[in-house]
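To keep things clear, I will list the structure first and then write my remarks on it.
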Amino acid sequence: MNQEHIDFSAIQCWTSLEENFGVVPCTIMSMMSENLVSSACELDVSGALSMYMLALASGTPSAIMDWNNNYGDNPDRAVCFHCSNLPKHFFNPVDLKMDFQQIIAGTVGKENTFGTCVGHVKAGAMSYARYSTDDRRGVIRGYTGHGRFIDDRLELRATGVVEIPKLQKLLKFICREGFEHHVAASFSETAPAIHEAAIRYLGFESHYHPELDD
């Protein structure tokens, strides 16, 4: 990456690498993101761009995660998950380890899936961002905002519980506007700077959630 002057990457993480090399690339991607060379799963180039924006704004590692399940009966909490190439910076160090990737083991065989990061996301303030191409309109558009990861140890791999103000309103916006299920996140409070840079300097369309403070 450094030799070719590449700033960030999106990797086809399954199933070619497992079938041809017998490993998952998660840990290598985690190490790159840990060193601010953001790397996103599933060829998500726009997700990698969103990760890179957060990394530049915060000077800290960023990750790509899935918007996943609602969390109990709290409408402002949700489970964010990936399977996992999260940077080491995201994890509680007590239980972080490298293991087999159980999700695709049934497809390519467990012996071909070693190299995923397993642990629980630590608590702390977070910013999130997602910017994507709107090919019909020829624009880049997205959203950003703030929240926090809370201290909850779900029995899932590479899982964090997020608390975001007016989360249901945000989820409706994501679905209505057709955004992907991937979102970039970092342990930072940089969403206002991301939003300003997107609209003022980059010419993106940007939605700030829930709203900018006066």
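Every number in this text was worked out from the coordinates using simple rules, so none of it is lab data. This is a predicted model, so every value here is computed, not measured. A quick note on method: Cβ atoms are made from the backbone with ideal geometry, for glycine too, and the neighbour counts reach across all protein chains shown.
What the table below lists for this structure:
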read-out	value
Gap separating the Cα centres of region 102-121 and region 125-199, nearest whole Å	26
Cα gyration tensor category, rounded, prolate or oblate, for region 64-122 with a/c compared to 1.5	oblate
The chain, helix-only ellipticity at 222 nm - DSSP H runs n ≥ 4, -39,500 (n - 2.57), divided by all residues, nearest 500	-7000 deg cm²/dmol
Rounded to 5, percent antiparallel among DSSP beta bridges of the chain	80
Burial order of peptide ranges 33-43, 55-65, 191-201, 128-138 (average beta-carbon count within 10 Å, highest first)	55-65, 33-43, 191-201, 128-138
Rounded, prolate or oblate (a/c below 1.5 giving rounded, otherwise prolate when a/b exceeds b/c) for region 104-181 by Cα gyration tensor	oblate
Angle in degrees between helix 45-58 and the longest Cα principal axis of the chain, rounded to the nearest 10	70
